[in-house]
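Accompanying notes for the structure given below.
The values are calculated or read from the model by the stated rules, or taken from the named source; none is laboratory data. If you're wondering where the values come from, they're calculated on a predicted model, not measured in any experiment. Please note: Cβ atoms are built from the backbone with ideal geometry, for glycine as well, and neighbour counts cover all protein chains shown. The accessibility values were calculated without ligands, DNA or RNA, using every heavy atom of the protein model including side chains. Shrake-Rupley method; radii C 1.70, N 1.55, O 1.52, S 1.80 Å.
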Amino acid sequence: MPFNFTEAEPPVSIPKRVYEIRAFLLFLVSVLMLAALPIRAGTKIVHRWVLTDQPMPQLQKILVIGVLENYLIRQELEDEMERLLAKSGVQGIRSHMVLPPRNELLEGELKERIKENDFDGVLVIRPKAMRKETKEVVTSLGARFYMPPAAYYNFWPYWNMAWGQAYPSSSSVKEYTYVSTEFNLYNTKDEKLLWSGETESVYSKNFGKLAREYARALVTQLKKDKVIGTK
């Protein structure tokens, strides 16, 4: 009875194996290096304080004041705060729509405006400081792995492929600008502080993106601290 044998595939050549192992190891190194890179958040809250020695008042109407010289950033921020607060059942009032320019606003007039509009709270957002950092960014890498000698390797493929040393093949220096901003929320009935803190943001010339990130960080923390969104 004849036996049918399937034709055996030719053995993988040693150089091909080395190439495959090298590619796999290089892939692992790339994954590990990417995992080690820090993820830059646009805005993070670094300090905060919440009133705890007495019940938090119900805040249904909050005046949002961005103390910013750049009117475009102020407008974007207050608009976004209004939109996000509304999702939590709070009416956010944009100061640039109800208050006169800063150089025309007196303390007595501000108090009268707050009284007339029956605000429950006033949230003041004010930049405090700015700093810059420069960091080297590696754009590509060489191979980095070690392969032990094997008796069945040919010398030259082994010599050329088995040893490698990682090194930055190119890099650039990138500058980041960080802005520290404080926020204070006051109860308009007794003018006492309810919520306070400080944020750090990576500055961007995209004012809309910067405002969205900042407003999202604040409103998210307001809800976590149960300053808003409670009934």
* Determine whether segment 57-64 contains at least one residue that is surrounded by fewer than 19 Cβ atoms within 10 Å (Cβ to Cβ) and not in a loop (DSSP other than H, G, I, E, B). => yes
* Can we say residue 116 is closer than 23 Å to residue 187 by Cβ and either exposed (fewer than 12 other Cβ atoms within 10 Å of the Cβ) or hydrophobic (A, V, I, L, M, F, W, C) (or both)? -> yes
* Asked: So, in segment 175-190, of the ones that are within 19 Å of the chain's Cα centre (by Cα) and of a type outside the set (Ser, Thr, Tyr), which residue ends up surrounded by the most Cβ atoms within 10 Å (Cβ to Cβ)?
  -> 183
* Structure fact -> Checked 230, 177, 181, 199 against criteria (over 21 Å from residue 65 (Cα atoms) and in contact with a strand residue (DSSP E or B) (Cβ under 9 Å, 6 or more places away or on another chain)); the one match is 177
* **Failed condition for residue 71, given (1) open to solvent by 50 Å² or more (accessible area, probe 1.4 Å); (2) under 29 Å from the mean Cα position of the chain (by Cα); (3) modelled with pLDDT of 85 or more** => (3)
* To do: Identify the single condition in (1) in a helix (DSSP H, G or I); (2) without any contact (Cβ under 8 Å) to a residue 40 or more places away in the chain; (3) open to solvent by 50 Å² or more (accessible area, probe 1.4 Å) that residue 76 does not satisfy, given that it satisfies every other one.
  => (2)
* What do you reckon, is residue 194 modelled with pLDDT of 90 or more, within 16 Å of residue 67 (Cα to Cα), aliphatic (A, V, I, L, M) and in a strand (DSSP E or B)? -> no
* To do: Among the residues of segment 191-216, count how many are surrounded by fewer than 19 Cβ atoms within 10 Å (Cβ to Cβ) and touching a His at 6+ places or on another chain (Cβ under 9 Å).
  => 3
* Structure fact -> Every listed condition ((1) within 18 Å of residue 79 (Cβ to Cβ); (2) open to solvent by 10 Å² or more (accessible area, probe 1.4 Å)) holds for residue 219 save (2)
* Structure fact -> Checked segment 222-231 for anything assigned to a helix (DSSP H, G or I) and either open to solvent by 10 Å² or more (accessible area, probe 1.4 Å) or charged (D, E, K, R) (or both); matches are 223, 224
* Structure fact -> Output for Cβ contacts, cut-off 9 Å, separation at least six or different chains, first residue modelled with pLDDT under 95 and in a helix (DSSP H, G or I) in segment 83-104, second of a type in the set (A, V, I, L, M, F, W, C) and open to solvent by 30 Å² or more (accessible area, probe 1.4 Å), reads 102/67
